[in-house]
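The values are calculated or read from the model by the stated rules, or taken from the named source; none is laboratory data. In this text the structure is predicted, and so the values were computed from the model without any measurement. All Cβ positions, even for glycine, are placed from backbone atoms using ideal geometry, and neighbour counts span all protein chains on display. Just the protein is used for accessible areas: all its heavy atoms, side chains included, with ligands, DNA and RNA removed. Shrake-Rupley method; radii C 1.70, N 1.55, O 1.52, S 1.80 Å.
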Amino acid sequence: MRSLSILVHGASKVGKSWMGDSTPAPRLILDAEGGSRFTPSKKVVWDPLTEEPPKASKEWDTCIVYVKDYETVLKAYEWLNQSNHPFKSVVLDSISEIQQRCVDSIAGVNAMRIQDWGELLRKISDSVRKFRDLTVHSKNPLESVLFIAMTRQVDNKWRPYMQGQIATTMPYYVDICGYLFMDTDDAGNVHRRLLVAPHQNFEAGERVGGKLGSVIESPSVEEMLNTVYGEKKEESK
């Protein structure tokens, strides 16, 4: 079965949302930050609270769900857990902001109480694992599930920016945890790179047998799938 679950974290404006556009199409983007407005793919907008998923069409390759509340995320998952949808990938952009939507649903404008933190952990952990498990769905498995996260430095190491215990456990849930960064060569050209090997200063790692190397140049999820599983065969007509 050809599938990958991926967690990518990185600083602001390094291209995380653009990497979401590299997942196999047709793709679903759960957009909690508005970054999908600037990616180059052809788009359609969907509201899972009021509509069925759009039918596959040559008119679009990216379906956008604007996440304004946590209920929208849960409803989108319900549709994905059914077999009758056109998507090959789902991107949660960002899981850091989606967690904040969950905080809003629990506490509103009030401060989180001690018991609220336990509820938050249960809800986010459950959602992350359910979305991840769509890669092994019995009837309509996804080729990729990509979680995009902000990053922050904790104990001298850059880690996915999540609140509470999920910050520690989430990298273990996925096949690949990568740190996305940009640097400039001697000629002034800017390069986007994804660190996927363990590093003392950055949370990263994978369980695909080292097939991706340590650092991926110009990372594309489609190409990562091809590297791990081989080129995708053309579907018979």
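For the reader, a short list of remarks on this structure follows.
- Rounded to 0.05, the FRET efficiency of the SER214 and ALA107 pair, given R0 = 25 Å and the Cβ-Cβ distance, is 0.05.
- Subset of LYS42/LYS130; LYS13/LYS55; LYS13/LYS139; LYS58/LYS123; LYS55/LYS130 violating a 30 Å alpha-carbon distance limit: LYS13/LYS55; LYS13/LYS139; LYS58/LYS123
- Accessible area (Å², 1.4 Å probe, nearest 10) - VAL154: 50 Å²
- Note on SER83: accessible area approximately 60 square angstrom, rounded to 10, probe 1.4 Å, nucleic acids and ligands left out.
- Note on the range 1-135: with charges restricted to the Cβ of Lys and Arg (+1) and Asp and Glu (-1), its dipole about the Cα centre is near 440 debye.
- For the pair LYS130 and MET182, the difference between a 0.36 nm per residue extended length and the Cα-Cα distance amounts to 15.6 nm.
- About the Cα centre, charge dipole magnitude for the chain (Lys/Arg +1, Asp/Glu -1 at Cβ), debye: 300 debye
- The eigenvalues of the Cα gyration tensor, multiplied by 5 and square-rooted, give the range 35-97 an equivalent ellipsoid with semi-axes of 17, 16, 10 Å from largest to smallest.
- Along the chain, longest interval not containing exposed GluC sites (Glu not before Pro), exposed being DSSP loop plus at most 14 other Cβ atoms within 10 Å: 60-230
- Most fluctuating residue given options ASP183, ASP61, ASP69, as computed from a GNM of the chain linking Cα atoms under 10 Å: ASP183
- Residue with peak Gaussian network fluctuation, the chain [Cα springs, cutoff 10 Å], from ALA111, ALA11, ALA32: ALA111
- HIS191/LYS13 FRET efficiency (R0 25 Å; Cβ-Cβ; nearest 0.05): 0.95
- Note on the chain: helix-only mean residue ellipticity at 222 nm, from DSSP H runs of 4+ residues weighted -39500 (n - 2.57) and normalised by residue number, equals -8500 deg cm²/dmol.
- Gain in span if fully extended, TYR172 to ASP155, counting 0.36 nm per residue against the direct Cα distance: 4.3 nm
- Listed residues ASN110, ASN201, ASN84, most fluctuating in the chain (Gaussian network, C-alpha, under 10 Å): ASN110
- Relative contact order for the range 1-125, counting Cα pairs under 8 Å that sit 6 or more residues apart, in percent: 28 percent
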